[in-house]
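Read through the structure below, which is laid out as structure tokens, and then see the notes.
The values are calculated or read from the model by the stated rules, or taken from the named source; none is laboratory data. Note that the structure is predicted; figures quoted are calculated from it, not measured. With ideal geometry, Cβ positions are generated from the backbone for all residues, glycine too; neighbour counts draw on all protein chains shown.
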Amino acid sequence: MFKKMITLSAFVALFAGASNAAVVFEDDFSSYGATTELNADSAFFGGNWAVSGGTVDYLVEGSDFGNLCVGGGSCIDLDGSTNDAGLFSSISFAAGSYVLDLSLFGSGRGSTESVTISLGNWSTTIGSIGSTDDASGSWAFSTDGGALTFQNAGGDNIGAILSDVTLSAVPLPAGLPLLATGLGLIGLIGRRRKATKA
């Protein structure tokens, strides 16, 4: 019974931090301009994002191709206008545990897309995103750190549409060091009692 209580306490302490996740990066792409920018380069994104190995398009509602932004506002077409989908990379993040929330949609132009999302040694691929599909989601993971990247497979000028990205760090629960100390003391007391009986 005592071992079960210790195991349950450790489990609760380890996972209690997820509810206290702190936002470390957030972008709804609304701050980069009032008009569409085809083949937007790294400089266009003011240091928040880099584009390499191809292109992405920055789209704005009310401007060219802005109708592709689901729910209005601004968005990113992850397969720019050069027949070569670019790697869309954020600033770098430290090793740790994170929760990634994002809004990702089909191209709206009749294609099926696949997008690989990575941060350090963590990666996931969302495949078979239909033209009108909502592939938005939330992922909890641990990583060795690095840039958050999005890579659309293909290279046909038609990509998945990214409209919101929020990355939150999951802190080490405040009680975890205290729990570890307490468990260590319990173990030490148990050893002493065992040694005294022998």
Checklist entry - For segment 48-124, which strands (runs of 3 or more DSSP E) that fit wholly inside it have 2 or more residues that are among the polar types (S, T, N, Q)? => result 87-93, 96-105, 113-119
Checklist entry - When you look at residue 163, is it within 24 Å of residue 60 (Cα to Cα) and in contact (Cβ under 8 Å) with a residue 40 or more places away in the chain, yes or no? => result yes
Next on the checklist: Being assigned by TED's automatic domain parsing to the domain that holds residue 132, at pLDDT 95 or above, farther than 23 Å from residue 131 by Cβ and of a type in the set (Gly, Ala, Ser) is the requirement here; does residue 52 meet it?
Outcome noted: yes
Item to check | Residues located in segment 49-79, provided they are exposed (fewer than 14 other Cβ atoms within 10 Å of the Cβ) and on the phi < 0 side of the Ramachandran plot | outcome: 52, 64, 67
Checklist outcome for this item: Apart from one, (1) crowded, with 16+ Cβ neighbours inside 10 Å; (2) without any contact (Cβ under 8 Å) to a residue 12 or more places away in the chain all hold for residue 101; the odd one out is (2)
Checklist entry - What are the pairs, 6+ residues apart or on separate chains, where a residue within segment 107-127 that is closer than 14 Å to residue 148 by Cβ and assigned by TED's automatic domain parsing to the domain that holds residue 165 has its Cβ under 8 Å from a residue that is outside any strand (DSSP E or B) and among the aliphatic types (A, V, I, L, M)? => result 115/78; 115/135; 115/153; 115/160; 116/153; 120/95
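This table checks each residue for (1) more than 21 Å from residue 20 (Cβ to Cβ); (2) of a type outside the set (A, V, I, L, M, F, W, C).
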| residue | (1), (2) |
| --- | --- |
| 99 | no, no |
| 115 | yes, no |
| 123 | yes, yes |
| 132 | yes, yes |
| 143 | no, yes |
| 149 | yes, yes |
| 183 | yes, no |
| 191 | yes, yes |
Checklist outcome for this item: Exactly one of 118, 123, 111 is closer than 22 Å to residue 51 by Cβ, modelled with pLDDT under 95 and either of a type in the set (A, V, I, L, M) or surrounded by fewer than 19 Cβ atoms within 10 Å (Cβ to Cβ) (or both), and that one is 111
Checklist entry - Which members of segment 129-172 meet the condition of being touching a helix residue (DSSP H, G or I) at 6+ places or on another chain (Cβ under 8 Å) and either surrounded by fewer than 20 Cβ atoms within 10 Å (Cβ to Cβ) or in a loop (DSSP other than H, G, I, E, B) (or both)? => result 140, 170, 171, 172
Checklist entry - List the pairs whose first member sits in segment 26-42 and is in the same structural domain as residue 92 (by TED's automatic domain parsing), whose second member is part of a strand (DSSP E or B) and of a type in the set (Phe, Trp, Tyr), and whose Cβ atoms are under 6 Å apart, counting only residues at least 6 apart or on separate chains? => result 32/58; 37/58; 40/58
Item to check | Selection count where residues are under 21 Å from the mean Cα position of the chain (by Cα) and farther than 20 Å from residue 112 by Cβ, scope segment 64-86 | outcome: 3
